[in-house]
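Please treat every number below as a calculation from the coordinates, not as lab data. Because the structure is a prediction, the values reported are computed rather than measured. Note that we place each Cβ from the backbone using ideal geometry, even for glycine, and neighbour counts take in every protein chain shown.
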Ligand code: NAP
């Protein structure tokens, strides 16, 4: 089968498309014929060598959608031909087939296309866990989604809208802002405009926001804290560097900064998250937005694109 392989950590050019042996499912495993692959920023960090426990050669990717090819002994509830999406992979999803543990293979509603299915796992599970497990969001609260135009931001916008929160979402381009509005944002701001945080505060009549989902904490965390209401919480989802903050901004509000890493979720939490996502995908509340589709062999280009500004939905690779 064709698969993207990394033989040494480095820039996007280390992603090479090669012919390798197709894996076979052992006990408790499922082989999925991949129809679409979700590209996430985390795979670019891993490719650069951020995770020393990755053994080379390595095929990136946890997120894909496709059809069950075959199941190993002991797998129940899934059979060849089932439409599925994956939430982890033993062999990597940037490939024509991917080997997964059965618990990480989830049925995909007929109404969701394969490219949309590839856009489910990391973005939607992250948004759900950030909102409900870490921020403990309640209907009626206001959430400021700082970076609402990308994979996680779009997912958070749709989930928060369905849960009865008021959403202030930001994006850096007109296309991104249009997307956030279409996906359910109540108020849309430009995070490149000089006065957007004052505007956000005015939208809350000076009270501040209950929750901030932060996609770029190293740039925004210090500015986030004064925007919080009393008892507000910032959930740090993305950060690419360091930043100075004023701790008094937290004291004066009894506010919290809470980290969130999807990989810390337990099996039980993930099972609950994917049950909730399945319901949302089935009833149309959750509608993954695919921004760009590229051939699998162009994985290197996708890794450059996923870190560029101007996000409008997910980048998906097609084997
Ligand atoms: P993405 O699709 O590339 O989207 C990036 C988002 O960040 C876009 O909405 C972009 O908006 C926005 N952004 C850019 N500059 C910004 C700024 N100055 N202020 C606020 N937002 C800004 O990436 P993603 O998949 O949504 O992931 C977002 C971040 O979360 C990444 O850093 C990723 O590594 C991280 N992440 C963490 C977890 C976790 O478990 N903690 C899970 C998934 C993702 P414009 O392009 O419109 O400017």
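Looking at the chain, what % of the alpha carbon pairs are farther apart than 25 Å? Present the calculation step by step, with values, prior to reporting the outcome.
Details: 24857 of 50721 pairs.
Summing the P(r) tail past 25 Å for the chain gives 49 percent.
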Would you order 157, 104 from fewest to most other beta-carbon atoms within 10 Å of each residue's own beta-carbon?
-> 104, 157
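For the chain, what proportion of DSSP beta bridges, expressed in % and rounded to the nearest 5, is antiparallel?
Values: 27 of 53 bridges.
Around 50 percent of the beta bridges assigned by DSSP in the chain are antiparallel ones.
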Rounded to one decimal in nm, the spacing of the 7 Å Cα→Cβ label points at residue 9 and residue 51 is 1.2
Report the FRET efficiency, 1/(1 + (r/R0)^6), for residue 275 and residue 67, where r is their Cβ-Cβ distance and R0 is 35 Å, rounded to 0.05.
-> 0.95
Report the label-to-label distance for residue 192 and residue 26 in nanometres (one decimal), using points 7 Å from each Cα along the Cα→Cβ vector.
-> 5.0
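What order do you get for 145, 112 when you list them from fewest to most C-beta neighbours inside 10 Å? Provide the component values of the computation, followed by the final result.
Working: 145 33, 112 21.
Least crowded to most crowded, the residues run 112, 145.
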May I ask you to derive the relative contact order of the chain, considering only C-alpha pairs under 8 Å and at least 6 residues apart, and to give it as an integer percent?
-> 19
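Students often check this: by mean Cβ neighbours within 10 Å, which of 286-292, 181-187 ranks highest, and how do the rest follow?
Values: 286-292: 20.6, 181-187: 18.9.
Most protected by this proxy first, the peptides run 286-292, 181-187.
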Would you mind telling me which residue in 258, 233, 107 has the biggest mean-square fluctuation in a Gaussian network model of the chain, where springs connect alpha carbons within a distance under 10 angstrom?
-> 258
Rank the residues 50, 239 as a footprinting-exposure proxy: fewest other Cβ atoms within 10 Å of their Cβ go first.
-> 50, 239
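State the extension gain, in nm to one decimal, for the chain segment bounded by residue 230 and residue 178, taking 0.36 nm per residue of separation less the distance between their alpha-carbons.
Details: separation 52, 0.36 × 52 = 18.72 nm, distance 3.06 nm.
Difference between extended and current length: 15.7 nm.
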Max mean-square fluctuation residue, GNM over the chain, Cα-Cα springs under 10 Å, options 225, 99, 250 | 250
For the chain, with a Gaussian network of springs between Cα atoms less than 10 Å apart, report the residue from 252, 113, 149 with the top mean-square fluctuation.
-> 252
List the pair-distance distribution P(r) of segment 97-233, using every Cα-Cα distance, as the percent of pairs falling in each 5 Å bin from 0 up to the bin containing the longest distance, rounded to whole percents.
-> 2, 10, 19, 23, 19, 11, 6, 5, 3, 1, 0
Treat each spin label as a single point 7 Å out from the Cα along the C-beta direction, and report the residue 240 to residue 297 distance in nm.
-> 2.9
For residue 263 and residue 16 in one chain, what is 0.36 nm times their gap in residues minus the Cα-Cα distance, to one decimal in nm?
-> 86.3 nm
